[in-house]
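Structure first, then comments.
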Protein chains: 2
Amino acid sequence: MGIKIGIVGYGNLGRGVESAILQNEDMSLYGVFTRRNPETMTTLTNVPVYSVDEILNHKENIDVLILCGGSATDLPVQTPKMAENFNVIDSFDTHAKIPAHFEKVNESAEKSGKVAIISVGWDPGMFSLNRLMGQAILPCGKDYTFWGKGVSQGHSDAIRRIDGVLDARQYTIPVEAAVEAVRNGENPELSTREKHTRECFVVAEDGADLKRIEDEIKTMPNYFADYDTTVHFITMEELQRDHKGLPHGGVVIRCGKTGLNEENTNIIEYKLNLDSNPEFTSSVLVAYARAAVRMNKEGMKGCKTVFDVAPAYLSGQTGEELRKNLL
Amino acid sequence: MGIKIGIVGYGNLGRGVESAILQNEDMSLYGVFTRRNPETMTTLTNVPVYSVDEILNHKENIDVLILCGGSATDLPVQTPKMAENFNVIDSFDTHAKIPAHFEKVNESAEKSGKVAIISVGWDPGMFSLNRLMGQAILPCGKDYTFWGKGVSQGHSDAIRRIDGVLDARQYTIPVEAAVEAVRNGENPELSTREKHTRECFVVAEDGADLKRIEDEIKTMPNYFADYDTTVHFITMEELQRDHKGLPHGGVVIRCGKTGLNEENTNIIEYKLNLDSNPEFTSSVLVAYARAAVRMNKEGMKGCKTVFDVAPAYLSGQTGEELRKNLL
């Protein structure tokens, strides 16, 4: 059986975790826990579905819970609560609220003696790790994060809330010239507008005022006003045919100087190109679930982030195997 | 004063460490230890030079030693010996001998209660870390490592040993079409010849048989026979003018499938583009020196590799600062 995992919340992320567990021989999925009526639900692999209200009855059968709820309202409550009884992983991604979330989860996990790893995924997550390592290795330098090309769900949702819009998909696109300048070690100063553009595919209601919708999108504060934004109106059929995937990705580039007179330029680049944003995030969550269980078995407890996890814990191989095969 | 560092061995790597320490406010260089006569040596920053034979007299003044000797003969003896009294970092890079080196160093460091981190740099080192994480996150996949474009010192030395050769510089160059195929998720099977080419710049003695030298290079087993190799004969002036740097770099690419039917392709790419191979390696060593001291202060001991070091230890920032600023 290996590591027994419970999934809490069954959306895109939960389904991604379900698939990812199948790829790991040392793991199995014990069940899915939901706030919906379990009897109305089926899962991709036909694992049992339980009400989240009775999760404590399953405590002895679960090594780690992967929490697949949203950062806005689910995780701030769920992660500290579940950490009272379980090792847990979440993908909490509201950057500004991470310190407060950490404190609450840490209090629970210190008390219960469990390990909770929060803000796991690719940003926050793998990108954060590469920012940290780039700064630690090349302290005299600058780093840049570009996102995309990919679908931003938050921005797509913002368009959907506009009156007269039936559905929408928003792509965040890095400005290639800016990425190249960074890659060439030019250390440019880049405004928000110079780093990314936004492209929107919008399905409007019949007879809607397209000009008004386009204006509302392009002038929306925080989301679009600071960017060069393109709006395309398409049919529902086109949206479903051409834009049903959730690709994403991006790049973290650290450019740092070395040498007594900082005469040499060195570039570290970490790049992701993902067909499926939720499935990749899920895959990261599953690797960190293995780490949480192993760290807890060694007596560790409390709240952790990707910064606190030695990479060896992510792998199913022993230290000896890793040194022989991968170092 | 912060972390006090000793350098053992003063070649390209030692000088790189000396420069790198200046970029880190929480560190200072205590001195350089050499097997040569210290009185004949000066350093870039005029730090004291001592004989390595008297290093134990300085034990109380040093938090960690960075060992900058070679992997062939220096480090196999030096690292286990120094770990009897000091926290140490080395860049041992003979892949096949890492397990044996680990065992010897671990025995010393377990006994002394010190932390020794071996095989630190970029390959082994950062590239190893990215191979591990790629495999852990995307278990259904394949990874590829390409090196270059950059100067291979081992291959340059091999050419220099040929009769009639005064000096030489060898560049390892990744085959761009192969890298592109990997980046596109094609998962190609690549032979040695299909991954890299080798380009040699050779200064021959007056009147040397250039045809024979070129043949000897191109047919040299292990080093060149399995590659498409180009040989250019140039003057000593040209070599010194155009080839005095030690640039290097490369890329680790993991291509992995996700989804219930492995229908989605996800690519992780970690790329280095280095003006100075030794200075970048030195910068990595210095960051891990910080980690060794901090881990030892927390009571850890024994031999470690980059796989065993939680990233937070590399940074001078507190956990709280890291979560706030970088996550």
Specify the residue that is farthest from the other protein chains (Cβ to nearest Cβ); the eligible residues are those in segment A:238-258 that are surrounded by fewer than 20 Cβ atoms within 10 Å (Cβ to Cβ) and not hydrophobic (A, V, I, L, M, F, W, C).
A:Glu238
Read through the list (1) over 24 Å from the mean Cα position of the chain (by Cα); (2) farther than 30 Å from B:Leu274 by Cβ, then give the number of the only condition that A:Pro188 fails.
(2)
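State whether the residues of segment A:161-174 include one that is within 14 Å of another protein chain (Cβ to nearest Cβ), outside any strand (DSSP E or B) and surrounded by fewer than 20 Cβ atoms within 10 Å (Cβ to Cβ).
Pass one, segment A:161-174, residues within 14 Å of another protein chain (Cβ to nearest Cβ): none.
Within segment A:161-174 (the criterion being within 14 Å of another protein chain (Cβ to nearest Cβ), outside any strand (DSSP E or B) and surrounded by fewer than 20 Cβ atoms within 10 Å (Cβ to Cβ)), the answer is no, since none of the residues qualifies.
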Specify which of the listed residues (A:Phe102, A:Phe146) is closer than 30 Å to A:Phe233 by Cα and of a type in the set (Phe, Trp, Tyr).
A:Phe146
Looking at A:Ile162 and the list (1) within 15 Å of A:Gly250 (Cβ to Cβ); (2) free of Cβ contacts under 8 Å to residues at least 60 places away in the same chain, which single condition is not satisfied?
(1)
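Is it the case, given these coordinates, that B:Asp157 is among the acidic types (Asp, Glu) and either in contact (Cβ under 8 Å) with a residue 12 or more places away in the chain or touching a Gly at 6+ places or on another chain (Cβ under 8 Å) (or both)? Walk me through how you get there before you give the answer.
On the way: among the acidic types (Asp, Glu): yes; either in contact (Cβ under 8 Å) with a residue 12 or more places away in the chain or touching a Gly at 6+ places or on another chain (Cβ under 8 Å) (or both): no.
Answer is no for this residue.
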Would you check which residues across segment A:24-82 are closer than 25 Å to A:Gly2 by Cβ and charged (D, E, K, R) and list them?
A:Glu25, A:Asp26, A:Glu54, A:Lys59, A:Glu60, A:Asp63
Return only the number of the condition from (1) without any contact (Cβ under 8 Å) to a residue 12 or more places away in the chain; (2) within 8 Å of chain A (Cβ to nearest Cβ); (3) at negative phi that B:Ala287 does not satisfy.
(1)
Count of residues meeting criterion [more than 12 Å from A:Val8 (Cα to Cα) and either among the aromatic types (Phe, Trp, Tyr) or assigned to a loop (DSSP other than H, G, I, E, B) (or both)] in segment A:63-85
7
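With respect to A:Glu186, determine if the residue is at pLDDT below 95 and under 30 Å from B:Lys244 (Cα atoms). Talk me through it step by step, then tell me what you get.
Values: at pLDDT below 95: yes; under 30 Å from B:Lys244 (Cα atoms): yes.
Yes; evaluated as a whole, the condition is true for this residue.
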Can you find even one residue in segment B:93-100 that is in a helix (DSSP H, G or I), under 15 Å from the mean Cα position of the chain (by Cα) and buried (at least 18 other Cβ atoms within 10 Å of the Cβ)?
yes
Would you check if A:Glu180 is outside any helix (DSSP H, G or I) and of a type outside the set (Val, Ile, Thr)?
no
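For (1) within 21 Å of A:Cys303 (Cα to Cα); (2) touching a Lys or Arg at 6+ places or on another chain (Cβ under 9 Å), each residue gets a yes or a no:
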{"residue": "A:Asp26", "(1), (2)": "no, yes"}
{"residue": "A:Tyr30", "(1), (2)": "no, yes"}
{"residue": "A:Asn46", "(1), (2)": "no, no"}
{"residue": "A:Ser51", "(1), (2)": "no, yes"}
{"residue": "A:His58", "(1), (2)": "no, no"}
{"residue": "A:Val64", "(1), (2)": "yes, yes"}
{"residue": "A:Leu75", "(1), (2)": "yes, no"}
{"residue": "A:Asn87", "(1), (2)": "yes, yes"}
{"residue": "A:Pro99", "(1), (2)": "yes, yes"}
I need a count of the residues in segment B:139-159 that are outside any strand (DSSP E or B) and of a type outside the set (A, V, I, L, M).
10
When A:Leu327 is run through (1) in contact with a strand residue (DSSP E or B) (Cβ under 9 Å, 6 or more places away or on another chain); (2) at the interface with chain B (Cβ under 7 Å from one of its Cβ atoms); (3) surrounded by fewer than 22 Cβ atoms within 10 Å (Cβ to Cβ), the failure sits at (3)
Checked against (1) more than 7 Å from chain B (Cβ to nearest Cβ); (2) surrounded by fewer than 23 Cβ atoms within 10 Å (Cβ to Cβ), A:Lys304 satisfies every condition except (2)
Return the residues of segment B:8-46 that are surrounded by 20 or more Cβ atoms within 10 Å (Cβ to Cβ), among the polar types (S, T, N, Q) and more than 8 Å from chain A (Cβ to nearest Cβ); say none if nothing qualifies.
B:Thr34
From the option list A:Glu279, A:Glu320, single residue qualifying as modelled with pLDDT of 95 or more, crowded, with 20+ Cβ neighbours inside 10 Å and within 8 Å of chain B (Cβ to nearest Cβ) is A:Glu279
Is it fair to say A:Arg212 is more than 27 Å from the chain's Cα centre (by Cα) and not in a strand (DSSP E or B)?
yes
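Regarding segment B:148-156, can at least one residue be identified that is within 14 Å of chain A (Cβ to nearest Cβ) and either more than 23 Å from B:Asn184 (Cα to Cα) or touching an Asp or Glu at 6+ places or on another chain (Cβ under 6 Å) (or both)? Spell out the reasoning first.
Going through segment B:148-156, the residues within 14 Å of chain A (Cβ to nearest Cβ) turn out to be B:149-151.
Still in the running and either more than 23 Å from B:Asn184 (Cα to Cα) or touching an Asp or Glu at 6+ places or on another chain (Cβ under 6 Å) (or both): B:150-151.
Checking segment B:148-156: at least one residue is within 14 Å of chain A (Cβ to nearest Cβ) and either more than 23 Å from B:Asn184 (Cα to Cα) or touching an Asp or Glu at 6+ places or on another chain (Cβ under 6 Å) (or both).
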For A:Phe33, only one of the following conditions fails: (1) in contact with a strand residue (DSSP E or B) (Cβ under 7 Å, 6 or more places away or on another chain); (2) in contact (Cβ under 8 Å) with a residue 60 or more places away in the chain. What is its number?
(2)
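I'm checking my understanding of the structure. Among residues of segment A:79-89 that are free of Cβ contacts under 8 Å to residues at least 60 places away in the same chain and touching a Ser or Thr at 6+ places or on another chain (Cβ under 7 Å), which one is nearest to the other protein chains (Cβ to nearest Cβ)?
For segment A:79-89, the residue satisfying everything is A:Pro80.
Quick one: how many residues across segment A:113-138 are under 30 Å from A:Thr258 (Cβ atoms) and either in a loop (DSSP other than H, G, I, E, B) or polar (S, T, N, Q) (or both)? Let's see the steps before the verdict.
Here is the first cut: in segment A:113-138, the ones under 30 Å from A:Thr258 (Cβ atoms) are A:122-138.
Now narrow it down to the ones that are either in a loop (DSSP other than H, G, I, E, B) or polar (S, T, N, Q) (or both): A:123-124, A:128, A:130, A:135, A:138.
Counting residues in segment A:113-138 that are under 30 Å from A:Thr258 (Cβ atoms) and either in a loop (DSSP other than H, G, I, E, B) or polar (S, T, N, Q) (or both) gives 6.
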Report, ordered by the first and then the second residue, all pairs with beta carbons closer than 6 Å, sequence separation of six or more or different chains, a first member in segment B:113-132 that is more than 9 Å from chain A (Cβ to nearest Cβ) and on the phi > 0 side of the Ramachandran plot, and a second member that is charged (D, E, K, R) and surrounded by 23 or more Cβ atoms within 10 Å (Cβ to Cβ).
none
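The values are calculated or read from the model by the stated rules, or taken from the named source; none is laboratory data. Just so we're clear, the structure is a prediction, and the values are computed from it rather than from any experiment. Quick reminder, even Gly has a Cβ in these numbers, built from the backbone with ideal geometry, and neighbours come from all protein chains shown.
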